[in-house]
Structures are given as structure tokens and as C-alpha cells.
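Remarks on the structure that follows.
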Amino acid sequence: MREDTEKWMELCAQAANEQDPQKLMALIKQITAILGQSVVTQANIDSIAALLDKIKAEGDAAIASGALGIKNPRSQQSFVADLNSLYVLADTVLDAIKAVKAGTQ
């Protein structure tokens, strides 16, 4: 179990910095597989929440800086909107995990 926790946290750290969309999807699949097998603890939930905050901050900064190669303002706005949708989805999933863990669902 500890190995799984360390592995998914390592994969999440890689995902937070990955620029290649295909590599990012591969990392997400690996993370999902590990989390699907693991018992969710409050420490895991807190770690996931912290990682999501980091991904949000770095994603927004990468777009604003042009580091992703998205220079057109309209494209940037579209990409930001897409990322925000993903953030909302991630927060919703995390809230659902918290609710299940708390026994409210």
C-alpha cells in the first residue's frame, strides 16, 4: 500500500510538470489505475487536493507565459476555459471522494 501511495504521488508530480498531452494522458491512466486499487485515506485526499492546487497554478502560469506555445489571445481564452472545466471536474470528483469517505453518500 505504501508503495502504491509513493508511486501515485510520483506520477502526480510528473503529471504536474508534463507538457506533452499524450504523455500526460498516459500518466493520468496510471494514476487512475493505482487509485482504483487503493484505500483512500484522509492523507491521500489532502495530497490530491494540494496537487490539484499546484496543477491549477502551474497550468494558468504556463498559459499566461506562452510556454505552451499558445500565443493567440482567443486560443489562450479557449484553453483557459477548457482547463477551468477540467479543474471543476477534478474538484467535483475530489468532493465525491470526500463524501464517500465521510459516509455521506
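Points worth noting:
- Helical mean residue ellipticity (222 nm; -39500 (n - 2.57) per DSSP H run of 4+; nearest 500) of the chain: -29000 deg cm²/dmol
- Relative to the current alpha-carbon distance between ALA33 and ALA102, full extension at 0.36 nm per residue lengthens the span by 22.6 nm.
- Per residue, the convex hull spanned by the Cα atoms of the chain measures out at 92 cubic angstrom.
- Ranking MET9, GLN76, ILE55 by how far each Cα lies toward the positive end of the dipole of the chain (charges on Cβ) leaves GLN76 at the top.
- Cα-based Lys pair tally, the chain, threshold under 26 Å, eight or more apart or on separate chains: 19
- Rounded to the nearest 10 degrees, the inclination of helix 2-17 to the longest alpha-carbon principal axis of the chain is 10 degrees.
- Note on LEU24 and LEU86: the model spin-label points, each 7 Å out from Cα along the C-beta direction, lie 0.3 nm apart.
- Mean Cα-pair separation over length for the chain, i.e. relative contact order, pairs under 8 Å, 6 or more apart, %: 27 percent
- Label-to-label distance, GLU3 versus ARG74, with points set 7 angstrom from Cα along the beta-carbon direction: 5.2 nm.
- In the elastic network of the chain, a GNM with C-alpha springs shorter than 10 Å, the most mobile of ASN44, ASN84, ASN72 is ASN72.
Laboratory data are not the source of any read-out in this text; all were calculated from the coordinates shown. Just so it is clear, the structure is predicted and the values come from calculations on it, not from any experiment. Note that each Cβ is placed from the backbone with ideal geometry, even for glycine, and that neighbours are counted across all protein chains shown.
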